[in-house]
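Working notes, structure below.
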There are 2 protein chains.
Amino acid sequence: MIIINTGNGKGKTSAAIGQIVRSLGHGFKVCLIQLFKHKFFYGEQNILLKLNNLDFFSFAEFHPNFYFNMSVRRIKAQCALAINKLKYIVRYDINKYHLVVLEEFNIALRDNFIDKHDLLRLVKKLSKKSNIIITGRNASKELIDFADIVTDMKEIKHYYNDGKIAHKGIEY
Amino acid sequence: MIIINTGNGKGKTSAAIGQIVRSLGHGFKVCLIQLFKHKFFYGEQNILLKLNNLDFFSFAEFHPNFYFNMSVRRIKAQCALAINKLKYIVRYDINKYHLVVLEEFNIALRDNFIDKHDLLRLVKKLSKKSNIIITGRNASKELIDFADIVTDMKEIKHYYNDGKIAHKGIEY
């Protein structure tokens, strides 16, 4: 099954994290491949790194604003590593996970940091054996067409818009 | 700060769970008050019950379809217990938690199982000291007006609609 969390509102990543916890709670194995977010920045990562049955791969350099400050070349290199990890799973570990989460892959696709045909092919193969969650704004039409559950997380209101800054424990 | 996860799509509860994990990951104390969901049914609950710094109160009888099968009198009794717990926190433990999650309280409010003025008063008081997440469809206009972040989780697509049943690890 393929699940897509998209939209401009809050909740795409946190819903994926909740889904990981749910899956682990049933004793299933889970894999999280995270783009653009370093594993020592977000609060949830301190907990996730300690949970059994979760393989956690984070492809980002340390700075949290990595995505906004980095050269395209370096972002593409990180994305290539993430896609290689996914290829490895599809080739060698396709029966291993109950759930594979592809964090922010919608953004990587939208900005052409990963190849659409590559990703679609891998996701289609993997989805025969595993549930997949793909997060990030601006999900591609092809992915939406192929998905089983798509949620558009729509911002009705956000204090950011009043010029306030991100809160520890809420936004990160 | 008050955060509302509402809408007809998937992700309201899982985003709240993700937010709990994020908050705990920073070492904050969290309280989860859950209506309509028994603590031994959902996968995530097996993990949540083991995490430090989380106080977890579940107000539901055992059967997962509790809400659909129960008498109004019994549902109201459960909701009254949940509101009492919230009153207790506001009176005696108002400085204790970084985050308080009120799971499915939007539904309880919509169906008049809890008093709107009671809930608004408690939420307003508590929000001076603590972040609050309220989940469930059909959030009330008054709560939305008072909230800082509101996300409408809109269903674009769901395999349920093809008559398929809920999957373990995905929907529960």
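Tell me, which helices (runs of 4 or more DSSP H) lie completely within the range A:64-172 with 3 or more residues that are open to solvent by less than 50 Å² (accessible area, probe 1.4 Å)?
Those helices (runs of 4 or more DSSP H) span A:72-92, A:105-110, A:116-126.
Looking only at the range B:37-55, decide whether some residue is away from chain A (no Cβ under 12 Å), assigned to a helix (DSSP H, G or I), at pLDDT below 95 and more than 14 Å from the chain's Cα centre (by Cα).
There is no residue in the range B:37-55 that is away from chain A (no Cβ under 12 Å), assigned to a helix (DSSP H, G or I), at pLDDT below 95 and more than 14 Å from the chain's Cα centre (by Cα).
Test each condition in (1) open to solvent by 10 Å² or more (accessible area, probe 1.4 Å); (2) touching an Asp or Glu at 6+ places or on another chain (Cβ under 8 Å); (3) more than 7 Å from chain B (Cβ to nearest Cβ); (4) not hydroxyl-bearing (Ser, Thr, Tyr) for residue A:12 and report the one that comes out false.
Of everything listed in (1) open to solvent by 10 Å² or more (accessible area, probe 1.4 Å); (2) touching an Asp or Glu at 6+ places or on another chain (Cβ under 8 Å); (3) more than 7 Å from chain B (Cβ to nearest Cβ); (4) not hydroxyl-bearing (Ser, Thr, Tyr), residue A:12 misses just condition (2).
Residue by residue, here is whether (1) at the interface with another protein chain (Cβ under 9 Å from one of its Cβ atoms); (2) of a type in the set (Ser, Thr, Tyr) holds:
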site: B:115; (1), (2): no, no
site: B:119; (1), (2): no, no
site: B:135; (1), (2): no, yes
site: B:142; (1), (2): no, no
site: B:148; (1), (2): yes, no
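Could you list, in sequence order, the residues of the range B:15-31 that are small (Gly, Ala, Ser), open to solvent by 10 Å² or more (accessible area, probe 1.4 Å) and within 7 Å of chain A (Cβ to nearest Cβ)?
B:25
The values are calculated or read from the model by the stated rules, or taken from the named source; none is laboratory data. Every value quoted in this text rests on a predicted model; they were computed, and no experiment measured them. Please note: Cβ atoms are built from the backbone with ideal geometry, for glycine as well, and neighbour counts cover all protein chains shown. Side chains are part of the model used for accessible areas, which takes the heavy atoms of the whole protein and leaves out ligands, DNA and RNA. Shrake-Rupley method; radii C 1.70, N 1.55, O 1.52, S 1.80 Å.
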